[in-house]
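Here's the structure we're looking at; comments come further down.
The values are calculated or read from the model by the stated rules, or taken from the named source; none is laboratory data. The shown structure was predicted, so the numbers you read here are calculated from the model rather than taken from an experiment. For neighbour counting, all protein chains shown are included, and Cβ atoms are generated from backbone atoms with ideal geometry for every residue, glycine included. For the accessible areas, the whole protein counts, side chains as well, though only heavy atoms, and no ligand, DNA or RNA atoms are used. Shrake-Rupley method; radii C 1.70, N 1.55, O 1.52, S 1.80 Å.
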Amino acid sequence: MFNDSIHYKQEALHCDDLPLNEIVAKTGTPTYIYSQKRILENYTQIKSAFAKLDAHIHYSAKANNNHHILKMLVDAGAGIDAVSGGEVYLALNAGCSPENIVFAGVGKSREELRFAIGKGVGWINVENIAEIDYINEITAELGREPTRISLRLNPDVTANTHPYIATGHGGAKFGLTATTIADVLAHQDHYEHLTFSGIHVHIGSQLHDTTATQQAIKAAINLIEPYPNIRTLDIGGGLPVAYTPNEILPSIQDFVDDIYPLVKDYELILEPGRAIVADAGLLLTEVLYVKQQAGQIFYIVDASMSELIRPALYQAHHEILPVIKKDRELTPANIVGPVCETADVLGRNINLPPLIAGDLLAVMTTGAYGMVMASNYNARPRPAEIMVNGTEWKTVRERETWASLMG
Ligand code: LLP
């Protein structure tokens with residue numbers, strides 16, 4: 001949550017060397033702020049921890065697809081994990097070479113496949129039988145070299161995480177069953193325009209232990225062991241981040257240590273999203289009103305579930321902190337947005353000093369799955385995004401306007 005980049009200096013919350021109140025004085029609220037330094041540190045930390053496995057890191061663009069973030073990570077050497085034609089497009093525009101793109105997704109349209117194959121993406125992670133045929137046909141039609149694919153296994157394991165972000169259990173829509181994969185692999189030679197080189201498994205996000213990951217990897221290896229042409233294991237994302245100060249979670253090194261004996265003889269691909277960007281970002285919001293009602297304090301702020309849906313959708317907890325500390329007693333309060341939904345709560349029973357209209361709050365650890373999941377619900381323009389680099393900052397996405405809501 002706190003780190004060397006997002007921290008208090010005296011009373012003022014800073015992003016690297018900049019006091020956040022000074023930035024928002026120029027940009028207004030609600031605004032997402034990111035630390036360039038922290039994003040790169042997180043990437044480097046994962047890269048180094050997995051160095052002994054020589055893992056290829058494909059940043060999962062779904063966590064935050066801001067062009068500047070993609071570009072920074074691509075420039076630092078990351079590949080991209082894209083989950084739609086749009087994300088493939090963004091990856092290419094960020095300068096990612098097509099071979100460094102993994103194109104995944106449970107329902108890729110033929111147009112998306114045609115675009116990705118035409119561009120020569122490095123991998124397509126496949127989750128449907130018919131999709132295998134489409135890729136085979138499109139590759140032939142476009143006269144391209146065989147497309148390299150990974151079959152995504154549904155390993156039938158239950159990840160220790162929120163049910164909405166678990167993907168590896170038998171009842172989930174994701175992946176192909178072991179039986180289906182075994183059958184396809186036994187008939188690889190039916191597909192002239194495909195190269196079967198890998199297996200993919202992603203059991204969920206924000207994983208609270210490594211047990212199910214190990215089970216999933218074992219199941220994947222069982223399937224490819226008979227085929228010496230299949231040497232790549234793409235183990236997806238899921239590295240967790242701390243949303244509260246004392247959360248106990250497996251570290252990146254725990255993941256490396258626990259999977260090392262299983263995967264050491266394979267080429268490894270990793271698709272981290274959250275662990276790279278979550279704690280490098282925060283959402284700044286201003287208190288609009290203070291309401292004392294039904295024995296509770298409500299701070300009604302200018303950010304809402306339209307800007308950050310995680311609390312409403314997953315009951316996710318984000319720490320909420322005053323941008324300028326006050327030396328006053330802390331009292332539990334509810335931080336709510338202006339949207340016409342009872343679920344529009346950013347934080348319940350958050351201990352805060354007494355606030356007044358105009359005070360600023362920071363909703364912490366919102367660099368991942370924040371802005372990308374923002375909507376225009378209630379005709380709310382999506383917020384601005386700011387990148388801080390040491391003592392400098394720049395707008396990396398302009399705030400939308402009412403005019404832009406006209407479509
Ligand atoms: N690879 C695949 C195939 C995925 O489905 C995902 C996330 C990732 C990689 C990246 O996972 P990460 O390293 O970020 O855990 N909106 C939710 C999270 C949804 C994750 C979807 N898939 C949230 O706000 O928690």
| note | Summing -39500 (n - 2.57) over every DSSP H run of at least 4 residues in the chain and dividing by its residue count gives a helix-only mean residue ellipticity at 222 nm, to the nearest 500 deg cm²/dmol, of -7500 deg cm²/dmol
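If you take every residue apart from THR44 with its C-beta less than 12 Å away from the C-beta of THR44, what net charge results, scoring Lys and Arg +1 and Asp and Glu -1? Present the calculation step by step, with values, prior to reporting the outcome.
On the way: positive: LYS37, ARG38, LYS47; negative: GLU41.
Within the 12 Å Cβ shell, the charges total +2.
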| query | Roughly how big is the range 320-379's charge dipole about its Cα centre, with Cβ charges of +1 (Lys, Arg) and -1 (Asp, Glu), in debye to the nearest 20? | reply | 140
| remark: In this structure, the FRET efficiency calculated for SER97 and GLU192 from their beta-carbon separation, with R0 = 25 Å, to the nearest 0.05, is 0.45
| field | Distance between modelled label sites at ARG231 and HIS162, nm, 7 Å Cα→Cβ extension | value | 4.0
| For ASP183 and ALA12 in the same chain, what is the full-extension length gain: residue separation times 0.36 nm, less their Cα-Cα distance, in nm? | 55.6 nm
| the range 51-94 and the range 172-246: distance between their alpha carbon centers, rounded to Å | 20
| task | Quick one: grab the alpha carbon gyration tensor of the range 52-180, order the square roots of its eigenvalues as a ≥ b ≥ c, and give me rounded if a/c is under 1.5, else prolate or oblate depending on whether a/b is larger than b/c. | result | oblate
| query | Under unit Cβ charges (Lys, Arg +1; Asp, Glu -1), what dipole magnitude, rounded to 20 debye, does the chain have relative to its Cα centre? | reply | 700
| Sorted by packing (mean other beta-carbon atoms within 10 Å per residue), highest first, where do 293-301, 330-338 land? | 330-338, 293-301
| request: List the pair-distance distribution P(r) of the chain, using every Cα-Cα distance, as the percent of pairs falling in each 20 Å bin from 0 up to the bin containing the longest distance, rounded to whole percents. | output: 27, 53, 19, 1
| remark: Under Stokes-Einstein, the range 160-300 at 10 °C and 1.306 mPa s, with its Kirkwood radius over C-alpha pairs, diffuses with a coefficient in µm²/s of 89
| query | Where does the charge balance sit around ARG110 when Lys and Arg score +1, Asp and Glu -1, over other residues with C-beta under 12 Å from its C-beta? | reply | -4
| message | Apply the Karplus curve 6.51 cos²θ - 1.76 cosθ + 1.60, θ = phi - 60°, to the phi angles in the range 254-266 and return the couplings in whole Hz, x for Gly and Pro. | response | 4, 4, 4, 4, 6, 9, 3, x, 6, 9, 4, 9, 10
| Relative contact order, percent, the range 323-406 [alpha-carbon distance under 8 Å, six or more residues apart] | 21
| When the accessible area of the chain is computed with all protein chains present and a 1.4 Å probe, what percentage of it is carbon and sulfur? | 50
| task | Taking only protein heavy atoms into account and a 1.4 Å probe, give the accessible area per residue of the chain in Å². | result | 42
| Counting Lys and Arg as +1 and Asp and Glu as -1, what is the net charge of the other residues whose Cβ lies under 15 Å from the Cβ of THR232? | -4
| Is the range 27-91 rounded, prolate or oblate when judged by the Cα gyration tensor, a ≥ b ≥ c being the square roots of its eigenvalues, rounded requiring a/c under 1.5 and prolate requiring a/b larger than b/c? | oblate
| query | Tell me, Kirkwood radius of the range 318-387 from alpha-carbon pair distances, in Å? | reply | 13.8
| Hits among lysines - C-alpha to C-alpha of LYS108 under 17 Å, sequence gap 8 or more where chains match | LYS62, LYS119, LYS173
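Report the antiparallel proportion of the DSSP beta bridges in the chain as a percent, rounded to a multiple of 5.
Working: 36 of 70 bridges.
Here the share of antiparallel DSSP bridges comes out near 50 percent.
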| Hey, can you rank 156-163, 373-380 by average C-beta count inside 10 Å, highest first? | 156-163, 373-380
| note | Using a 1.4 Å probe on heavy atoms of the protein chains only, the accessible area for VAL290 in Å², nearest 10, reads 70
| query | How much length, in nm to one decimal, is gained on full extension between LYS218 and ALA130, taken as 0.36 nm per residue of separation minus their Cα-Cα distance? | reply | 29.1 nm
| How high is the relative contact order of the chain, given as a whole-number percent (alpha carbon pairs under 8 Å, six or more residues apart)? | 20
| request: Would you mind pulling out the separation of the Cα centroids of the range 295-374 and the range 378-407, in Å? | output: 19
| field | Estimated vicinal HN-Hα couplings, Hz - the range 39-44 in sequence order (Karplus 6.51, -1.76, 1.60; Gly, Pro = x) | value | 4, 5, 4, 4, 4, 5
